[in-house]
There are 2 protein chains.
Amino acid sequence: MPNKPTIVIDTLGSDRGPETVIEGAKLVLAENPELDLTLVGDEEQIRNSGIDLSRVKIIHAPHALTNYDNPVAAFYDKSADYSVFKALEEVGKDENAIGMISSGSTGALLVGVVRYLLDEERHRPALAAILPATTGGVTCLVDTGASIDCGPHQLVEFAHLGSDFMKKLYKIESPRVGLLSNGSEPGKGNKVVKETHQLLAADKSINFIGNIEGNHALTGDCDVLVADGFAGNQVLKNTEGTALVLIGEMMKWGKMTGHELEAKMIAGHLMKTYDFQSLGAGVMLGVRKYVLKCRGSSNADSIKNVAKILVNVHNNKTFYE
Amino acid sequence: MPNKPTIVIDTLGSDRGPETVIEGAKLVLAENPELDLTLVGDEEQIRNSGIDLSRVKIIHAPHALTNYDNPVAAFYDKSADYSVFKALEEVGKDENAIGMISSGSTGALLVGVVRYLLDEERHRPALAAILPATTGGVTCLVDTGASIDCGPHQLVEFAHLGSDFMKKLYKIESPRVGLLSNGSEPGKGNKVVKETHQLLAADKSINFIGNIEGNHALTGDCDVLVADGFAGNQVLKNTEGTALVLIGEMMKWGKMTGHELEAKMIAGHLMKTYDFQSLGAGVMLGVRKYVLKCRGSSNADSIKNVAKILVNVHNNKTFYE
């Protein structure tokens, strides 16, 4: 299978089991005839799954890492073959590999990325999320949980990573960078945010527009929203949690009042407009190849959608084209 | 007007102007015949507003503090009479005053509270919010922005303040305390959160149930959600922002598809169930009298609703009874 572009998929670590991920891989092959796949996981299971083996390379690495495992200890544990590390190693060395998809532990991905894929000038990768904006555009939230306890210089680095990403993949000439804070005034924030504000304001290579509050994460006020991983994680998960709560309440109301059909239609529209499955797809920034992290609860369709992002990027289209 | 319970209302500092707050005060009087009010602000304006002056004490303090003013400098500036400080002073010394309502700057409230109303054993007050839960109950989020850059011991104090509050006002015997983090596993969090987790787990006087992620802020998993003010502020504002975005999108869809009426009905139901106006009403904890902070954008009805909370508390009912 020489020279065909390939996506590496870690089949283990998903909350829904490897079957779901392999089903997703089949959808990817069906939708992308020009693409091959490398599947990492339990060889026998992949072989017996009914997937088109003529287009699939299998790497046998049958051990899954959970959120409860220590990823650093696991990385140095030579008695087990963890799929996530094998997958990252493969995407690093296979010239045809355009990127990798995993629905496993974020911690494990970070450890593996640092070892196999980190840009030379970076210390740590960032995990960005692409949030839908009411304006019809998107906002790149960086970081969403990869780097916790960041200093000001790290947050400035996030601003650069996010800007570069939005320039390249959304063709935005001068991405507007906002800084997540607890008030819009320049003096609002914790110590790190206040110091970061000064640094960003002084950085001529960035189009810094000031502080952004949590209620403006979805309003398209900025193209890049910079946050420490702890706070960014709150924004990401809270957005998703609030949306699910409201949609659930809407369905309950529909049942109670006999407007079930309308409630279902609205819920369907919202779920499509604010695609919460792909909200969960994090993009590693500061790495040599694209690594996309799906939510642990992603279904086969999400795997297919995330693969489409990689294909678009490879074809130099915009992200969701 | 001796011995009648009184609520002190700061009429200045609202985004909608003092007229709106004074309109709210009229609604409070109409709904609570047993109550008197002390209004702080521009005496002439209050006098000419048409409010029933036989039930109102006026304190003339015509200067409003904005979010852009430095509250500490303002506190020591004797050339101006800031309504928020006068109101706090009054509630501290008037025995009949059951509490105070302000829609002005949080920073100013904090500075004034520390001076006039702080519990003797406290260093700083906390600003809690009462979030509606899908279970039908509520969750007390503490802190929402009063204390930034908290250490672990401060977060433990928040746990105690929140527990006491939920015991007293919601008659919950043993409130379940959760700690906001970026993962449910005990090892997840920033440095302060990890250390706080240990302290809370060891504290026998608290019913600690572990870490809570941002997508579970509204699911009623805990009665008290402990957070540093920076992260708590993200949860509060993001919940509100996401809800408004979804409701806006719902209305747009209704217009586009000819289901305007159904969309309006659902939006109305959601706005009522998750009362975002009173979401914005923060409760100061760790103070000698109740101080309720409305959102700057609160309307007259919100003022009335917030006053009702104070009256219920005074009558030893539960919070929203």
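The values are calculated or read from the model by the stated rules, or taken from the named source; none is laboratory data. What you see is a predicted model; the values in this text were computed from it and never measured. Every residue, glycine as well, gets a Cβ built from its backbone with ideal geometry; the counts of neighbours run over all protein chains shown.
Some points to look at:
- Consider the stretch B:78-104 and keep the residues that are of a type in the set (Ser, Thr, Tyr) and crowded, with 24+ Cβ neighbours inside 10 Å. The one that is farthest from the chain's Cα centre (by Cα) is B:82.
- From the list B:261, B:236, B:246, the one residue that fits, being surrounded by fewer than 21 Cβ atoms within 10 Å (Cβ to Cβ) and assigned by TED's automatic domain parsing to the domain that holds residue B:211, is B:261.
- Subset tally (residues that are away from chain A (no Cβ under 14 Å) and not basic (Lys, Arg)) for the stretch B:162-184: 12
- From the options B:189, B:162, B:214, B:137, residue that is small (Gly, Ala, Ser) and on the phi > 0 side of the Ramachandran plot: B:189
- Tally of residues being over 28 Å from residue A:315 (Cβ atoms) and aliphatic (A, V, I, L, M) across the stretch A:28-84: 7
- Candidate set: the stretch A:61-76, residues that are over 23 Å from the mean Cα position of the chain (by Cα) and surrounded by fewer than 15 Cβ atoms within 10 Å (Cβ to Cβ); chosen: the one farthest from the other protein chains (Cβ to nearest Cβ): A:76
- In the stretch B:123-161, residue farthest from the other protein chains (Cβ to nearest Cβ) [restricted to those that are more than 18 Å from the chain's Cα centre (by Cα) and farther than 21 Å from residue B:208 by Cβ]: B:123
- Failed criterion for residue B:219 (all others in (1) crowded, with 19+ Cβ neighbours inside 10 Å; (2) closer than 30 Å to residue B:173 by Cβ; (3) within 11 Å of chain A (Cβ to nearest Cβ); (4) hydroxyl-bearing (Ser, Thr, Tyr) hold): (1)
- Qualifying positions in the stretch A:30-60 - hydrophobic (A, V, I, L, M, F, W, C) and either within 18 Å of residue A:14 (Cβ to Cβ) or over 22 Å from the mean Cα position of the chain (by Cα) (or both): A:30, A:37, A:39, A:40, A:46, A:51, A:53, A:56, A:58, A:59
- Applying the criterion of being touching a residue at least 40 places away in the same chain (Cβ under 8 Å) and not in a helix (DSSP H, G or I) to the residues of the stretch A:36-60, the residue that is surrounded by the fewest Cβ atoms within 10 Å (Cβ to Cβ) is A:57.
- When the residues of the stretch A:185-208 are filtered to those that are hydrophobic (A, V, I, L, M, F, W, C) and surrounded by fewer than 20 Cβ atoms within 10 Å (Cβ to Cβ), the one that is farthest from the other protein chains (Cβ to nearest Cβ) is A:202.
- Scanning the stretch A:245-275 for residues that are outside any helix (DSSP H, G or I) and over 20 Å from residue B:248 (Cβ atoms) gives a single hit, A:258.
- Counted residues, the stretch A:132-150 - those being more than 18 Å from residue B:182 (Cα to Cα) and either among the hydrophobic types (A, V, I, L, M, F, W, C) or not in a strand (DSSP E or B) (or both): 7
- Residues of the stretch A:278-303 that turn out to be at pLDDT 85 or above, over 14 Å from residue A:106 (Cα atoms), under 14 Å from the mean Cα position of the chain (by Cα) and not in a loop (DSSP other than H, G, I, E, B), as a count: 4
- Number of positions in the stretch A:223-247 that are closer than 25 Å to residue B:272 by Cβ and either within 7 Å of chain B (Cβ to nearest Cβ) or touching a strand residue (DSSP E or B) at 6+ places or on another chain (Cβ under 6 Å) (or both): 8
- Matching option when the condition is more than 20 Å from residue B:126 (Cβ to Cβ) and either touching a residue at least 40 places away in the same chain (Cβ under 8 Å) or crowded, with 16+ Cβ neighbours inside 10 Å (or both), among B:182, B:211: B:182
- Tally, over the stretch A:193-244, of residues that are out of contact with any helix residue (DSSP H, G or I) (no Cβ under 9 Å at 6 or more places or on another chain), aliphatic (A, V, I, L, M) and not in a helix (DSSP H, G or I): 2
- Flag if residue A:169 is farther than 26 Å from residue B:182 by Cα, at pLDDT below 90 and in a helix (DSSP H, G or I): yes
- Candidates are the residues of the stretch A:255-268 that are more than 8 Å from chain B (Cβ to nearest Cβ) and in contact with a helix residue (DSSP H, G or I) (Cβ under 6 Å, 6 or more places away or on another chain); the one that is nearest to residue A:128 (Cα to Cα) is A:267.
- Residue within the stretch B:307-315 that is modelled with pLDDT under 90, in contact with a strand residue (DSSP E or B) (Cβ under 8 Å, 6 or more places away or on another chain) and crowded, with 22+ Cβ neighbours inside 10 Å present: yes
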